Amino acid sequence: MTRRQQNQSYANSDGRMWDMMILLLALSSSSFSEDKLNMCMDAKHHKKVPGPEGQLYLQCAPWRDNACCTANTSTEAHEDNSYLYNFNWNHCGAMSDECKKHFIQDTCFYECSPHLGPWIQEVDQSWRKERIFNVPLCKEDCHEWWEDCKNEFTCKSNWHTGWDWSSGINKCPADRKCRKWTEVYPTPKYMCEQIWSNSYLYTTYSKTSGRCMQLWFSGLNPNKKVAEYYINSAQQDQSFAFIMLVFLAFVQVVV
């Protein structure tokens, strides 16, 4: 075989290798998109797969076309001390309806959303195997939540852990006194990020940006497009890293 034929053979081989790499990358990216864009987390009350739920109750109703929650879950989300988690919103006195509506909406978002895939992480907890982490919330939702709750009282900044559950519902630990909301949560950012141990990430994005998830919406679920944006961003990063690895491997072979 002549040198020219050898070079041509190497070029053909390299071409086939690149074609195969691109195909594998495309297939893996497509699978990643499909899995992450429409899924339910493995948690206490979530369905296995999302789907229509025409009878979702009140504040959970916006998810009725495609939901990870059942009608029963949506009803219980509106109840004080419901069977969902036996969580007592009134641990420092009666919570106002104006404030409570945000926690109901937060519960609907957590239980019903099928587009949280990019932010789902595995956890080792007795009551769930997955959680959400750093979901980027629109600034309007954080600010309105904090504004409507600023006159409430609470004894803890992280409501996920550290409660006294000896009575079957959460109570303030003996060493924690009830304090004004604005003392525990001085800013909307601090509240949104701390209250559920960084489940949410405060952002300066508005609802029209397409870069943040909305707790409150009506009509077509806008969060699907937001999830698509973050999935595509992750894929681009993944693709770049993959191509760089292949390139470095190719250079080593040639050298």
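The values are calculated or read from the model by the stated rules, or taken from the named source; none is laboratory data. None of the values given here were measured: they were computed from a predicted structure. Note that each Cβ is placed from the backbone with ideal geometry, even for glycine, and that neighbours are counted across all protein chains shown. Areas reflect the complete protein model, heavy atoms only, side chains present, ligands, DNA and RNA absent. Shrake-Rupley method; radii C 1.70, N 1.55, O 1.52, S 1.80 Å.
Mind listing just one residue for me: the one in segment 124-145 that is hydrophobic (A, V, I, L, M, F, W, C) and under 14 Å from the mean Cα position of the chain (by Cα) and, of those, nearest to T73 (Cα to Cα)? The selected residue is I132. Taken over segment 157-190, the residue count meeting the criterion of being modelled with pLDDT of 95 or more and within 23 Å of the chain's Cα centre (by Cα) is 8. Restricting attention to segment 77-107, the residues that are crowded, with 18+ Cβ neighbours inside 10 Å and part of a strand (DSSP E or B) add up to 1.
For segment 57-76, the candidate set comprises residues that are among the hydrophobic types (A, V, I, L, M, F, W, C) and over 18 Å from the mean Cα position of the chain (by Cα); within that set, the residue that is most open to solvent (accessible area, probe 1.4 Å) is L58.
Scanning segment 48-97 for residues that are closer than 19 Å to N223 by Cα and basic (K, R) turns up just one, R64. Every condition in (1) modelled with pLDDT of 90 or more; (2) touching a Ser or Thr at 6+ places or on another chain (Cβ under 6 Å) is met by E76 except one, and the failing one is (1). The set of residues from segment 38-51 being open to solvent by 30 Å² or more (accessible area, probe 1.4 Å) and within 16 Å of I231 (Cβ to Cβ) comprises N38, M39. Criterion applied to E122, E130 was being more than 27 Å from K171 (Cβ to Cβ), in contact with an Asp or Glu (Cβ under 7 Å, 6 or more places away or on another chain), of a type outside the set (V, I, T) and at pLDDT below 90, and the one residue passing it is E122. Just one residue in the set C178, C192, C149 is of a type in the set (A, V, I, L, M, F, W, C) and touching a His at 6+ places or on another chain (Cβ under 7 Å); that residue is C149.
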